[in-house]
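> Before I ask anything, here is the structure I am working with.
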Amino acid sequence: MHTETLPRRCYALLRAVLSPSQSVVRAAIAAMAIALALAAQWLSSTEHPLPADEWLRDRLIALHTSDAPDPRVLVVDIDEASLAALGPWPWPRARLADLAETLLTHYSARGVALDILLPEASSGNGDQRLALLAQHSPLVLAQAFDYSTTRPLPLRDGQLAAPYRGPAVDAIPATGYIANHRGLSVARHVGNIGFIPDADGALRRLPLYTSFEGDYYPALALALLQCCSGKPLPAIDAQPWLRIDYQRDWSAYTVVSAMDILDQRIAPQGASGRLVLVGSSSLGTADRVTTPLAANRPGLGVQAAFLSTLLDIQDGTRPARWPGRWLAVAYALLTVIVLSLALPRLAAIASVSLLAICSLLWLPLAYLISIHDADFSTTAPLLTNLFLLSVAVPYQWQLTQRRSRHLLDTLRQYVAPAVVAELLRSDLADPLQPRQLDITTLIADMEGYTTQVESLPVEDAATLTREFLDCLTGPVIGHLGTLDKYTGDGLVAFWGAPLAQEEHADLAMDAACAIVRRVQQLSQQRVAAGHPPLRVRIGVESGPAMAGDFGTSFRSIYTAVGDSVNTAARLEQAARDFPHDIIVGAGTVARARRHQFILLGERRLRGKEHPTTLFTTDSSMAAVSLSSSAAPRAVASA
C-alpha cells in the first residue's frame, strides 16, 4: 500500500535551528564578537584609536567637567588688558623678572613656572635676573621639543638646559627643540611645553618625559612639582604619556591679570602657597589649542589642567583606577550572551531594538568608568553591537525566514492554514519535536475499494481515488486537523498536534460527519452515472500519544504513535460489521462536548486484551451549537 509522508526537507529544516551546523555558526559569531571587543581594547593605541572613540570620550569628559576652582593652582595671565596697559609682546625681560620676583616674594608663591620661550637674549639686566631666579629660587623655565619626523631640517634653536637626573624612565623621542638662550641654560628646573596633538588636532595627552640625544626632560607641570612639592610621584614616573583629566575647564581656575600682580592689586593670601603658571591667553601670542572641551582654548589652560592632574595623583585624590578594559569586555560578553539567547525568539525589529537598548545602557556605564580609567576604549562595546547588528541579526533573520517559508511550503498541504499561522507565532524552537500530547485520531477508508476500481480503466480508477481522497482531506484541513498520511484509498489524521487544541475531540467529530456527507454526495453522483455506491468507514478515538517528527536520515515522517492511534485503526476495521459509517471510542466520547453518541455495546478488538466499548454518532445529530458546554450523552442503542 502506498504511503505519503512529510517531505524530508521539512524534517531537515525544522531541525536546522538546533542542528550542529547552526550551533557552530552561532558560536563562531559570538566568538568573533568577543574577539573584536578584546582587540578593540588592547590593539587600539594613542596614535591609532578606534573611529569615534575619542569623540565619545570627549562627550563623557564634558559631562563630568566641574567649575569648582582648584585652590592649589594660580594662573597669571598676560592678557589683552595687560598688553594694552604695559605694552605689546614681547615684554622686556626685566618686567618678566619683576613678575616672577613679586610672585615669589610678596605673594609667597610655592613655585612659579613660565609658560614662555625666550630663545634670544635681550639687553639690560633682565636676563641676568631671570637666570639668578632660575638658579636659586623655585622658578621653572620652559623649553619646547619638536616630535615631527617630516621636517627637512630639524629644529635647533637656543640651548637646552640640564636634563633630568633621576631613575630611568620611559620617554617620547624628540627630533628637535626650541630652547631659551644660552644665558638661561643654567636654570636648575626646566620643563617641556611641546606636545603632539591627536589626529583630529585635539590635545588630550602630554608626554611626561621627552628623550633627546640620550637625555631626558620632564614636562613643565612635572618639573614644577619636582621643583617645589618635595613629594615623589611613583605612580606616574614610569609612564611616557599621561592623559589630561580636564576635570576643570579654563573658567574654573583662579586667573589673575599679570598687570594686577605687578601692581600688587590682589591680596597676598590669594597666591600664598600656590603653584603658579605664568603665560598668555592673548590671541596675539597665538598660543591656542583644541581640547576635548572646546575648539579654541589657551595653551596656558592646558598646562593648568595638566598640573591639576598631576597634583590629584600626587595627593591621592584622583579617582581610584578601575579595570576599564575588562569591564568593557565583560559588558560586550553580557550583550553577546543576552542576544544569543534572545535572537531565536525575537523578530528582527525586536532584535535591533534590544541591541539599541544595550548600546544606550552602555553609555552611562562608560561615563562612570571614564572617571576611573582614562585609557580604555569607550566605543569597543558599541563596535561589538554593530558587528552583531551586521552579522548575527541578519543571520538569524535569514534562518527565521527560511524556517517560515519551508513551514508554509510543506505544512500547508498537511495542516490547516490557521494551525500553520499559530505554529509560526509560537515560541517553540522545534515545533515538530516529539512530545506527549492528548490527541484525537481519525482513520478513514473506502469500503470495497478493490471491487470499485478493478473494473475501471486506469484513468477512471485514478480519478475515483483522487475524488474520494478529496472528500476525506477537505474536512480534515477545514476543521484544523493534521494530515498524517494517505493509505491509498484512505487517510490518517489527528487533532491536538503539533499544537495542543482544547476541542480536539469535537473538531475530529466535526470532520468525520463532514466526510460522511461529502462521500454521500460523491456516491450519489456516481450512482447516477451508473457506478456502484460508495461507503466510507471511519474510526475515531482520543487519548495520550507521542506526536512528532520520527524518522532517520533516510526518511522522515511527522506522525503520532500510541494506544489511542491503534484503537482508532481497529475501530475503522470494526465499522465493516456495523451499518454505521463512524465508530467512536470511549476516549472521544469522554472528551467531546458538542456531540451526541449512540452506544453500540462492547467488542473485543484485534490486539486488545479487554473488550472495547463502541459508540457511533448520527451526523444529523452532530450539528449542535458551538457554544454548548453540556457533557456528552451516550444514548443506548435500541
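The values are calculated or read from the model by the stated rules, or taken from the named source; none is laboratory data. Here the structure is a predicted model, which is why all the values come from computation and not from measurement. Ideal geometry is used to build each Cβ from the backbone, glycine not excepted, and the neighbour counts take in all protein chains shown.
> Can you say whether L50 is assigned to a helix (DSSP H, G or I), out of contact with any Lys or Arg (no Cβ under 7 Å at 6 or more places or on another chain) and either under 18 Å from S370 (Cβ atoms) or assigned by TED's automatic domain parsing to the domain that holds M259 (or both), as far as the supplied structure shows?
no
> Which numbered condition trips up Y177, out of (1) under 21 Å from I261 (Cα atoms); (2) in contact (Cβ under 8 Å) with a residue 12 or more places away in the chain; (3) outside any loop (DSSP other than H, G, I, E, B); (4) of a type outside the set (K, R)?
(1)
> Sticking with this one: Could you run through the stretch 468-494 and say how many residues are among the acidic types (D, E) and in a loop (DSSP other than H, G, I, E, B)?
Within the stretch 468-494, residues that are among the acidic types (D, E) and in a loop (DSSP other than H, G, I, E, B) number 1.
> Take the residues of the stretch 186-215 that are out of contact with any helix residue (DSSP H, G or I) (no Cβ under 9 Å at 6 or more places or on another chain) and under 27 Å from L133 (Cβ atoms): which is surrounded by the most Cβ atoms within 10 Å (Cβ to Cβ)?
T210
> State yes or no: is T559 surrounded by 22 or more Cβ atoms within 10 Å (Cβ to Cβ), part of a helix (DSSP H, G or I), assigned by TED's automatic domain parsing to the domain that holds G448 and in contact with a Lys or Arg (Cβ under 9 Å, 6 or more places away or on another chain)?
Considered against the rule, which asks whether it is surrounded by 22 or more Cβ atoms within 10 Å (Cβ to Cβ), part of a helix (DSSP H, G or I), assigned by TED's automatic domain parsing to the domain that holds G448 and in contact with a Lys or Arg (Cβ under 9 Å, 6 or more places away or on another chain), T559 comes out as no.
> Looking at the structure I just gave you, is G496 on the phi > 0 side of the Ramachandran plot and surrounded by 22 or more Cβ atoms within 10 Å (Cβ to Cβ)?
yes
> On to the next question. Are there any pairs, at least 6 apart or on different chains, whose C-beta atoms fall under 7 Å, with the first in the stretch 534-547 and acidic (D, E) and the second crowded, with 24+ Cβ neighbours inside 10 Å and part of a strand (DSSP E or B), and if so, which?
Once the first residue is acidic (D, E) and sits in the stretch 534-547, its partners that are crowded, with 24+ Cβ neighbours inside 10 Å and part of a strand (DSSP E or B) give E541/T441.
> Confirm whether V278 is at pLDDT below 90, touching a Leu at 6+ places or on another chain (Cβ under 6 Å) and not in a helix (DSSP H, G or I).
Spelling it out, it is not the case that V278 is at pLDDT below 90, touching a Leu at 6+ places or on another chain (Cβ under 6 Å) and not in a helix (DSSP H, G or I).
> Just the residues that are assigned to a helix (DSSP H, G or I) and either within 25 Å of D375 (Cβ to Cβ) or hydroxyl-bearing (S, T, Y) (or both), please, taken from the stretch 25-45.
M32, A33, I34, A35, L36, A37, L38, A39, A40, Q41, W42
> Tally the residues that are touching a residue at least 40 places away in the same chain (Cβ under 8 Å), under 36 Å from the mean Cα position of the chain (by Cα) and not in a strand (DSSP E or B), restricting the search to the stretch 56-83.
Going through the stretch 56-83 one residue at a time, the tally reaches 10.
> A further question on this structure: Within the bounds of the stretch 199-218, is there any residue that is under 22 Å from L99 (Cβ atoms) and either of a type in the set (S, T, Y) or in a loop (DSSP other than H, G, I, E, B) (or both)?
no
> Can you report the number of residues in the stretch 216-228 which are within 24 Å of P154 (Cα to Cα) and surrounded by fewer than 23 Cβ atoms within 10 Å (Cβ to Cβ)?
Total satisfying the criteria: 1.
> Within the stretch 22-30, is there a residue that is closer than 30 Å to D198 by Cα, at pLDDT 85 or above and in the same structural domain as W326 (by TED's automatic domain parsing)?
no
> Report, by residue number, each residue of the stretch 447-464 that is assigned to a helix (DSSP H, G or I) and within 14 Å of P533 (Cα to Cα).
Y449, T450, T451, Q452, V453, L464
> Are any residues in the stretch 73-85 of a type outside the set (G, A, S) and either buried (at least 17 other Cβ atoms within 10 Å of the Cβ) or in the same structural domain as L382 (by TED's automatic domain parsing) (or both), and if so, which ones?
V73, L74, V75, V76, D77, I78, D79, L83
> For the stretch 590-601, which positions are buried (at least 18 other Cβ atoms within 10 Å of the Cβ) and either outside the structural domain of A508 (by TED's automatic domain parsing) or under 19 Å from L437 (Cβ atoms) (or both)?
Within the stretch 590-601, R591, A592 meet the criteria.
> Suppose we filter the stretch 467-484 for residues that are more than 14 Å from D506 (Cα to Cα) and over 43 Å from the mean Cα position of the chain (by Cα); how many remain?
Residues flagged as more than 14 Å from D506 (Cα to Cα) and over 43 Å from the mean Cα position of the chain (by Cα) within the stretch 467-484 amount to 8.
> Quick one: is E80 modelled with pLDDT of 95 or more and acidic (D, E)?
Against the criterion (modelled with pLDDT of 95 or more and acidic (D, E)), E80 does not qualify.
> Can you name every residue in the stretch 495-517 that is out of contact with any Gly (no Cβ under 7 Å at 6 or more places or on another chain) and either outside any helix (DSSP H, G or I) or not assigned by TED's automatic domain parsing to the domain that holds G548 (or both)?
G496, A497, P498, L499, A500, Q501, E502, E503
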